[in-house]
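Written out below as structure tokens is the structure these notes cover.
The values are calculated or read from the model by the stated rules, or taken from the named source; none is laboratory data. Small disclaimer: the values here were computed from a predicted structure and weren't measured. Note that we place each Cβ from the backbone using ideal geometry, even for glycine, and neighbour counts take in every protein chain shown. Surface accessibility is based on the protein's heavy atoms, side chains included, excluding ligands, DNA and RNA. Shrake-Rupley method; radii C 1.70, N 1.55, O 1.52, S 1.80 Å.
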Amino acid sequence: NYYAFPLDEPQICCPLGDMNGDANAGGSYNVLDIVLLANCVLTQSCANDCIWEHDEGNACGGAPSCNACYGCAADLNGDGGYNVLDIVILANCILAGNCGGRVDDATESRLIMNGNIVSIEADGFIGGVQMTLTHGDDFTIDMTDRALLADYITQGNETRLLVITPETDELFSFEGDFEIAELIVANSHAEISVDDLPLAVSFSLSDAYPNPFNPATTMKLVMPVAGDMQVEVYNLLGQVVSTLTSGYMDAGKYTLTWDASDAASGMYFVKAQADGFTKTQKLMLIK
């Protein structure tokens, strides 16, 4: 636990022994502290949220109205930030009675998307997952109910979520498309690697820009998994006038450009095809 000077002055946190993490100032660790820390991580308010205050003459050296902020108490690993890494340390202190880690801690993990379910596989214990998703207005999410804590907050087209001590591989189900903007996977005390991170849940081809254009236009192609992809440009007679990409492609994001310097002005179509994915859009070349 930390004390801090008033919020309208520069924040100077003063450590008070071994109770760092006692977010609700209850004198012991419990699940209420985890809930408070998780809430401030999701709302990104750990540095500012205060629980209670002490009178003049306390451990902060007599400073008047010295506030006890769980923003200070939340930084369990002392790295100056607030995220799932702090929460898993506190959870392990509470559940395992050991703040120093576990012998069965995972060292690597892999995120899996199967249908509308996101799961995680690892070679040992997973203490928590923190994720930030970007998505459209039609996106919905349903968190697992088999975890010590699983919660999320959506603000506009961004969703931040936490899953602490999951009991199964499944983290959440969803409807709609999204991309992973941030991902932190932790064991009981530290971040671990994530292999083959999917960049999106579905194939996508962005709108061409500029459009109308002269002489070149560009599109962004997203491959969530490796596979065969073909992107071609057709004229109004259905004839292929350019192949932008064809063949096997690794998962990733690609920039595709059509240079139409040798083509005549007029309407064209670009068509992208992969396993179960087809998108066609109009292109207008004006010279």
Please list log₁₀ I(q)/I(0) at q = 0.11, 0.15 Å⁻¹ for segment 196-287, using the Debye equation with identical point scatterers on the alpha-carbon positions.
-0.30, -0.54
Provide Cys99, Cys40 ordered by accessible surface of protein heavy atoms (probe 1.4 Å), highest first.
Cys99, Cys40
Kindly state, as a whole number, the per residue volume in cubic angstrom of the convex hull around the alpha carbon atoms of segment 99-139.
94
Which percent of Cα pairs goes in each bin when the distances of segment 236-287 are cut into 10 angstrom slices starting at zero?
18, 54, 24, 4
Positive minus negative residues near Leu149 (Lys, Arg vs Asp, Glu; Cβ under 12 Å):
-3
Mean projected area (nm²) from the convex hull of Cα positions in segment 103-180 is 4.9
Going from most exposed to least, what order do Glu232, Glu108 have by accessible area with a 1.4 Å probe?
Glu108, Glu232
Gain upon complete extension [Gln230, Glu158; 0.36 nm per residue less C-alpha separation]
22.8 nm
Here are some pairs, Lys253/Lys282; Lys220/Lys282; Lys220/Lys279; which of them have Cα atoms lying more than 18 Å apart in this structure?
Lys253/Lys282
Residues with beta-carbon under 13 Å from that of Pro212, excluding Pro212: net charge, scoring Lys, Arg +1 and Asp, Glu -1?
+1
From Cα coordinates alone, what are the radius of gyration and Dmax values for segment 135-242 in angstrom?
19.3, 62
Heavy-atom accessible area per residue, segment 146-245, 1.4 Å probe: how many Å²?
47
